[in-house]
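Have a look at the structure below before the remarks.
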Amino acid sequence: MISLNCRLLVVFLAFDVFFMIFCVIMACIIFFALFFCFPILATVAYAMTIGEGASESDIMALPKYIYCQPNSLTELDKGIMDKVELIPKSDNSNSPTELALHLEDSECCICLYRYVDGVELCRLPCNHHFHHSCISKWLHINATCPLCKFNILSAETLV
């Protein structure tokens, strides 16, 4: 006959084995939750916030310009030109006006590329300017200026 101590030993060993299996299963569940379920939930939550972006008509209503490099660097160095100079085009009144900027201000802050002659720029109400394609993608997601957080829909600064 098996003694009482042996029975207790078998019961405690069975409990330990059950507890070890339970811990391994819980670790697997937590692993799958962290690495598979949460990214899916985050994607769903992100998709729900997409409504915070600007509509296509709001983006198209922003003023557009064609970038042109300043005529001479000496004018910029002497400070004769202001920060921004708008040069109206004479051939067609429907075409965007040309925009000349200082060299240190002639870079898109979204893609970090310098503006080249003839590229289409878009200016927000806060007077920050970007490539039209860059700011369009940005504004579809978030209707604020990437630099100053000015909301183009409600005309207020968030920060």
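Per-residue answers, yes or no, for (1) modelled with pLDDT of 60 or more; (2) under 26 Å from the mean Cα position of the chain (by Cα); (3) surrounded by fewer than 17 Cβ atoms within 10 Å (Cβ to Cβ):
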{"site": "G79", "(1), (2), (3)": "no, no, yes"}
{"site": "L101", "(1), (2), (3)": "yes, yes, no"}
{"site": "H129", "(1), (2), (3)": "yes, yes, no"}
{"site": "A143", "(1), (2), (3)": "yes, yes, no"}
{"site": "F150", "(1), (2), (3)": "yes, yes, no"}
{"site": "S154", "(1), (2), (3)": "yes, yes, yes"}
{"site": "V159", "(1), (2), (3)": "no, yes, yes"}
Assuming L86 fulfils every condition listed in (1) surrounded by 10 or more Cβ atoms within 10 Å (Cβ to Cβ); (2) closer than 24 Å to W138 by Cβ; (3) assigned by TED's automatic domain parsing to the domain that holds N127; (4) at pLDDT 70 or above apart from one, which condition is it? (4)
Only one of I66, I50 is within 17 Å of the chain's Cα centre (by Cα) and modelled with pLDDT of 50 or more, namely I50
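The values are calculated or read from the model by the stated rules, or taken from the named source; none is laboratory data. Just so we're clear, the structure is a prediction, and the values are computed from it rather than from any experiment. All Cβ positions, glycine included, derive from the backbone under ideal geometry; neighbour counts span all protein chains shown.
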